[in-house]
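Q: Would you mind keeping the following structure in view while I ask a few things?
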Amino acid sequence: MKNVYDQTFEDFEFSGIWKETLGAPEVTGLWIVYGNEKQGKTTLSLQLADYLSQFKEVLYVSAEEGVRKSFVQACKRAGIQHSNKKLKPIRYLDFEALDERLSKKKCPKIVFIDNVSAYADELNKAKFLAFRQKHHNKLIIFLSHEDRKEPDGAIGRFIKKLSDIYIRVVGNAGIVGGRCPGGTIPINEEKAVLYHGTEILNDENN
């Protein structure tokens, strides 16, 4: 066991609500953020991407929405500053091109893929496992639509099973689970209170 115990790991040093809910996760791994439309999924993911860009460069693959007006507006709602040079949004790439992009030495070590549905016809379990193994030195965060309170589609549910951290977005709040402390992240506090009630504020303050 000596070779196992002698390993060293690099962790994120989060603060505030991110530390309370996510703890100090490794800088590599697999996460997933999922939820129905109009619940705050993109806003939370962009807020998270913006926060993570304080630690390392972040590649945000806006595969479904592209980098159009609606995406720009979403970035503004998330509070991302014009001066943020470490967050790099790009449009859809087919899966082979995405794999090639991630394989480049200068590719950011944190990658958001928004979302699973855009690659549903290109991905199966074996292909995903090979992709995950190839890019084990990165933190890859998938976004997914929701179906009956779980990520949409077989590949979305498979990704959740393998994820270190998962965040279900409902009623403008992110419900955090997985290998972390867990808890609730309000996205828009006023809207979240309307949906969940004032107990969501107690969760945040505890």
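The values are calculated or read from the model by the stated rules, or taken from the named source; none is laboratory data. Note that the coordinates shown come from a computational prediction; the quantities given were computed from them, not determined experimentally. When we count neighbours, we look across all protein chains shown, and the Cβ atoms used for this are built from the backbone with ideal geometry, even at glycine. Side chains included, ligands, DNA and RNA excluded: accessible areas come from the protein's heavy atoms. Shrake-Rupley method; radii C 1.70, N 1.55, O 1.52, S 1.80 Å.
Q: Once the Cβ-Cβ distance between SER83 and PHE9 is put in as r, and R0 is 30 Å, what FRET efficiency do you end up with, to the nearest 0.05?
A: My answer for the efficiency is 0.40.
Q: Plugging the Kirkwood radius over Cα pairs into Stokes-Einstein for the chain, at a temperature of 10 °C and a viscosity of 1.306 mPa s, what D comes out in µm²/s?
A: 91 µm²/s
Q: Also, I was wondering about something else. Taking 1 over the mean of 1/r across every pair of different Cα atoms in the range 74-152, what Kirkwood radius in Å do you get?
A: Kirkwood hydrodynamic radius for the range 74-152: 14.2 Å.
Q: Next question, about the same structure. Dipole size in debye (nearest 20) for the range 1-115 around its Cα centre, Lys and Arg Cβ +1, Asp and Glu Cβ -1?
A: Here the range 1-115 has a charge dipole of around 560 debye.
Q: On the accessible surface of the chain, probed at 1.4 Å, how many percent belong to carbon and sulfur atoms?
A: Of the solvent-accessible surface of the chain, carbon and sulfur hold 48 percent.
Q: State the Kirkwood hydrodynamic radius of the range 1-44 in Å, one decimal place, computed from all pairs of distinct Cα atoms.
A: Across the range 1-44, the inverse of the average 1/r is 13.2 Å.
Q: If you restrict to DSSP beta bridges whose two residues both lie in the chain, what percentage is antiparallel, to the nearest 5?
A: Percentage antiparallel, nearest 5: 30.
Q: Then there is this: Given a cut-off of 26 Å, name the pairs among LYS138/LYS160; LYS38/LYS104; LYS109/LYS149; LYS85/LYS109; LYS88/LYS134; LYS38/LYS69 whose C-alpha atoms lie farther apart than that in the structure shown.
A: Exceeds cut-off: LYS38/LYS104; LYS109/LYS149.
Q: Under a point-charge model restricted to the Cβ atoms of Lys and Arg (+1) and Asp and Glu (-1), what is the dipole moment magnitude of the range 90-158 relative to its Cα centre, in debye to the nearest 20?
A: With Lys and Arg at +1 and Asp and Glu at -1, about 520 debye.
Q: Pick out, in residue order, every one of the trypsin sites (Lys or Arg not before Pro) in the range 1-72 that is DSSP loop and has at most 14 other C-beta atoms within 10 Å; say none if there are none.
A: Of the trypsin sites (Lys or Arg not before Pro), the ones in loops of the range 1-72 whose Cβ has at most 14 other Cβ atoms within 10 Å are LYS38, LYS56, ARG68.
Q: Only four residue types carry charge here, +1 at the Cβ of Lys and Arg and -1 at the Cβ of Asp and Glu. Report the dipole size of the chain about the Cα centre in Debye, rounded to the nearest 20.
A: Dipole size: approximately 620 debye.
Q: Taking 0.36 nm per residue of sequence separation and subtracting the Cα-Cα distance, how much length would be gained by fully extending the chain between GLN54 and CYS107, in nm to one decimal?
A: Result: 17.5 nm gained on full extension.
Q: Toward the positive end of the charge dipole of the chain, about the Cα centre and with charges on Cβ (Lys, Arg +1; Asp, Glu -1), which of PRO151, GLN39, GLN73 goes farthest?
A: GLN73
Q: Next question, about the same structure. Would you please name the GluC sites (Glu not before Pro) within the range 6-99 that are DSSP coil residues with at most 13 other C-beta atoms within 10 Å of their C-beta?
A: For GluC sites (Glu not before Pro) across the range 6-99 that sit outside H, G, I, E and B with at most 13 neighbouring Cβ atoms in 10 Å, the list reads GLU10, GLU13, GLU37.
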